[in-house]
Amino acid sequence: MYFQFILLVLGAVLADEIDDHHTVSRVDSNKYSVEKEKKFLLYDVNFGEGFNLRRDVYMRIANTVRLLRESGENYILVLPPWGRLHHWMRMEVALSWRLFFDLQSLNRFVPVIEFEDFLDETENHPIDQVIYLQHYEEGWGTEYVRKFDERKCLSPAYSHYKQDETGKWKGWFYSYEDVRARNFKCVSIQGDSGTLRNLLKISNYTSMNTVMIDRGETILHENFGDVHYWNARRSMRYSNDLVEIGNSFRRKYLDSDDERDKTEMVSDWKKERARRNALGGPYVGVHWRRRDFLFTDNQKFNDGQIAIIDQYLCAHARHFIGSHESTFSFRIQEDREIIGFPIASTFNRLCPDKNPNCEQPSKWKIVY
Ligand SMILES: *[C@@H]1O[C@H](CO)[C@@H](O)[C@H](O)[C@H]1NC(C)=O
């Protein structure tokens, strides 16, 4: 504590010196990094994709922003409001990320901003460019190469974006009626977060301050399951409200709490360390697919929040049994890897009646 205090005081003295002797116009750019102009990257995902796949697409785009920042571009990621989701019973729109996730944690991976705040900050100016990602019409060819090319728009691009009478482009834009884009084009791409970084670094886009990528699910993870994948995933902590609801349910009905279950987490995910000694509450979590949203009296929460509370409970169970190839189950398995459960307690699945020895899930283990 004493040492920290001294450092702070020294820092203040130095800052004073700089203020006294150097005006902004005389900043030596070899000595001080001048803050680069802020740029905003927006994105959206195909209408048909559900909540849990969208969470995965976030990780891919967040890694693009990380790569852009590492290459010297001051990009901020604009969080796409949730809504109009395929599996959701209630057709809510324009839900902000803070209803689901802890923004402070997200911000520790790459800087993020809610769409509403982005609109305020840019005074609702049109977005400079929408890039609609699509596959190559001719297919992937014989070998997989990472590439992109501006191409004529394939269906359904023009049913989602149309020019208004002033020539500006109108699209869904998360249900916000007044949002427009100045330019719209289609780019065929095959690749990953790094390929998208390369696309945004070409001269066509470097002078633009706001670029929106639609059909973000078109790109893949650069290296699925590597440390960047897990860093992005670990930054996606649930909102305090949802964690509190989950914890009080555990205490009240499941005789479960973090201390006894050995599931305590440090408040900053960057300080998490590898461990495998989590015990979990005295219950089994099972993701048994029947149909979506059997809940009836939960008007307090939206469908995405209910999904997260369910996942949170399954993530804290002593054992978890998932559904085959389900993104809902994948997100639970990841949470359990982050909490630090033994592998055998997590990677299990229900088998069909006729095949009691069915193949068990791939073990995507956490990497630090
Ligand atoms: C970039 O701009 C050039 C010149 O207009 C164009 O030929 C090229 O296709 C563009 N590339 C992409 C990926 O948009």
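Readers should treat all values here as calculations from the given coordinates under stated rules, not as data from a laboratory. Small disclaimer: the values here were computed from a predicted structure and weren't measured. Positions of Cβ are generated from backbone atoms using ideal geometry, with glycine treated the same way; all protein chains shown enter the neighbour counts.
Annotation: amide H-H contacts under 5 Å for ILE127 (H modelled 1.01 Å from N, sequence separation of 5 or more, or interchain): ARG180, ALA181, ARG182.
So for the chain, averaging the separation of alpha carbon pairs under 8 Å that are six or more residues apart and normalising by length, what relative contact order in percent results?
17
Based solely on its DSSP helices, what 222 nm [θ] is calculated for the chain when runs of n ≥ 4 H residues each add -39,500 (n - 2.57) and the sum is averaged over all residues, nearest 500 deg cm²/dmol? Write out the running numbers ahead of the final one.
On the way: 12 runs with 121 residues, N = 368.
Here the helix-only value at 222 nm equals -9500 deg cm²/dmol.
Among 102-114, 272-284, how do they line up from the highest to the lowest mean number of other beta-carbon atoms within 10 Å?
Working: 102-114: 18.5, 272-284: 14.9.
Sorting 102-114, 272-284 by mean packing, highest first, produces 102-114, 272-284.
Highest mobility in the GNM of the chain, judged by mean-square fluctuation with C-alpha springs under 10 Å and restricted to VAL179, VAL266, VAL211, is found for VAL266.
Neighbour counting of Cβ atoms within 10 Å sorts the residues ILE202, ILE245, fewest neighbours leading, into ILE202, ILE245.
Summary of the geometry: segment 243-266 and segment 70-118, compared by the centres of their Cα atoms, lie 27 Å apart. Cα centroid separation, segment 294-361 to segment 124-187: 35 Å. Listed by chain and number, the lysines whose C-alpha is less than 26 Å from the C-alpha of LYS168, apart from same-chain residues fewer than 8 away, are LYS38, LYS39, LYS152, LYS185, LYS201.
Please give me the summed charge of the neighbours of ASP255: other residues whose Cβ is under 12 Å from its Cβ, Lys and Arg +1, Asp and Glu -1. Write down the numbers at each step before the final one.
On the way: positive: ARG250, ARG251, LYS252, ARG260, ARG318; negative: ASP257, ASP261.
Result for the local shell: +3.
Taking Cβ separations below 4.7 Å as the criterion for a possible disulfide partner, the isolated cysteines in the chain are CYS314.
Using the average count of surrounding beta-carbon atoms within 10 Å as a protection proxy, the listed peptides 164-176, 141-153 rank, highest first, as 164-176, 141-153.
Taking the chain as a Gaussian network of alpha-carbon nodes connected by springs under 10 Å, the highest mean-square fluctuation of the residues ASP178, ASP261, ASP335 belongs to ASP178. Simple spin-label estimate for GLU143 and ASN355 gives 3.5 nm between the two label positions (7 Å along the Cα-to-Cβ direction from each Cα).
Restricting attention to segment 39-230, close to 25% of DSSP beta bridges with both partner residues there are antiparallel.
For the chain, the calculated P(r) over all alpha carbon pairs, in 20 Å bins from 0 to the bin holding the longest distance, is 25, 52, 22, 1 percent.
Between GLY48, ILE202, ALA62, the Cα set farthest toward the positive side of the dipole of the chain (charges on each charged residue's Cβ, about the Cα centre) is that of GLY48.
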